[in-house]
Amino acid sequence: MTLKIISANEVVYEGTAKSVTLPGTMGQFTVLNHHAALVSTLTAGKITFTTEDDKLNSYTISGGVVDVDNNVVSVCLY
């Protein structure tokens, strides 16, 4: 799936990912390939994701919104 993490100032990451774990307002959740469509608010915490070569990456955020649709995970940070 495609993962896009953007803020007002920069594109933090844009590429492929096998899984993405996000700090949702109602609790942490993981998005995998072909996940159902969803929109969620995010709270302060870490986004962790695994790339196609099984490298684990993380990015600390203070909040934002995520949209999952058609195998694209779009994260907009505050």
Item to check | Test item: Cα-centred dipole of the chain, Lys/Arg +1 and Asp/Glu -1 on Cβ, debye | outcome: 180
Next on the checklist: Please list the three semi-axes, largest first and in whole Å, of the ellipsoid equivalent to the chain, using sqrt of 5 times the eigenvalues of its alpha carbon gyration tensor.
Outcome noted: 17, 14, 12
Next on the checklist: Give me the percent relative contact order of the stretch 38-78, please, defined on Cα pairs under 8 angstrom at least 6 residues apart.
Outcome noted: 39
Checklist outcome for this item: For the chain the mean separation of alpha carbon contacts under 8 Å (6+ apart) over residue count, i.e. relative contact order in percent, is 33
Checklist outcome for this item: If unit charges are put on Cβ atoms (+1 for Lys and Arg, -1 for Asp and Glu) and the dipole of the chain is taken about its Cα centre, the option from 17, 7, 61 lying farthest towards the positive end turns out to be 61
Checklist entry - Which whole-Hz couplings ³J(HN,Hα) result when phi for each residue of the stretch 26-32 is put into the Karplus expression 6.51 cos²θ - 1.76 cosθ + 1.60, θ = phi - 60°, listed in order with x for Gly and Pro? => result 9, x, 5, 8, 10, 10, 10
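No lab work stands behind these numbers, since they all come straight from the coordinates. Note that the coordinates shown come from a computational prediction; the quantities given were computed from them, not determined experimentally. Please note: Cβ atoms are built from the backbone with ideal geometry, for glycine as well, and neighbour counts cover all protein chains shown.
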